[in-house]
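Colleague: Starting off with a structure, shown below.
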Amino acid sequence: MSEATNEVTQREMIRIISQFRKQGFKGNYINFQHVVDEGATYFVVMGDENNCNQGLFKIDLLSGEIAFQYMLDKNHAVSN
């Protein structure tokens, strides 16, 4: 599978950020990745505005569902 299949377009990023904001999420959007085999599903890494905590979320743009996955630390990091 090529890296290009995981890329997220600018339009998709805007839709993702819009959905997070509608549901009251605040923070810095650090990374976006398309979940290849799940249609309109994406992983998003968000950082807390007040400290260095980062969390991984999964969002389905069709349903609007956002699910927290886990906190990122030295054992759970997202590659750039």
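The values are calculated or read from the model by the stated rules, or taken from the named source; none is laboratory data. Please read these numbers as outputs of a predicted model, since none were measured by experiment. Every residue, glycine as well, gets a Cβ built from its backbone with ideal geometry; the counts of neighbours run over all protein chains shown. Quick note on the areas: whole protein, heavy atoms, side chains included, nothing else; ligands and nucleic acids left out. Shrake-Rupley method; radii C 1.70, N 1.55, O 1.52, S 1.80 Å.
Colleague: Only residues in segment 5-26 that are within 15 Å of Val45 (Cα to Cα) count as the first member; pair them with residues that are β-branched (Val, Ile, Thr) and open to solvent by 100 Å² or more (accessible area, probe 1.4 Å), Cβ under 6 angstrom, at least 6 apart or cross-chain, and list the lot.
Modeller: Partner pairs satisfying both residue conditions: none exist.
Colleague: How about segment 47-62: which of its residues are of a type in the set (Asp, Glu) and in a loop (DSSP other than H, G, I, E, B)?
Modeller: The first filter runs over segment 47-62 and keeps only residues of a type in the set (Asp, Glu), leaving 48-49, 60.
Asp48, Glu49, listed by residue number.
Colleague: A follow-up question, please. I'd like the full set of residues that are open to solvent by 30 Å² or more (accessible area, probe 1.4 Å) and free of Cβ contacts under 8 Å to residues at least 24 places away in the same chain, limited to segment 31-56.
Modeller: Asp37, Glu38, Gly39, Asp48, Glu49, Asn50, Asn51, Cys52, Asn53
Colleague: Taking the condition of being of a type in the set (Val, Ile, Thr), at pLDDT 95 or above and open to solvent by less than 70 Å² (accessible area, probe 1.4 Å), how many residues in segment 1-24 meet it?
Modeller: First pass over segment 1-24, keeping only residues of a type in the set (Val, Ile, Thr): 5, 8-9, 14, 16-17.
Now restrict to residues that are at pLDDT 95 or above: 14, 16-17.
From the residues that got through so far, the ones that are open to solvent by less than 70 Å² (accessible area, probe 1.4 Å) too are 16-17.
Matching residues across segment 1-24 total 2.
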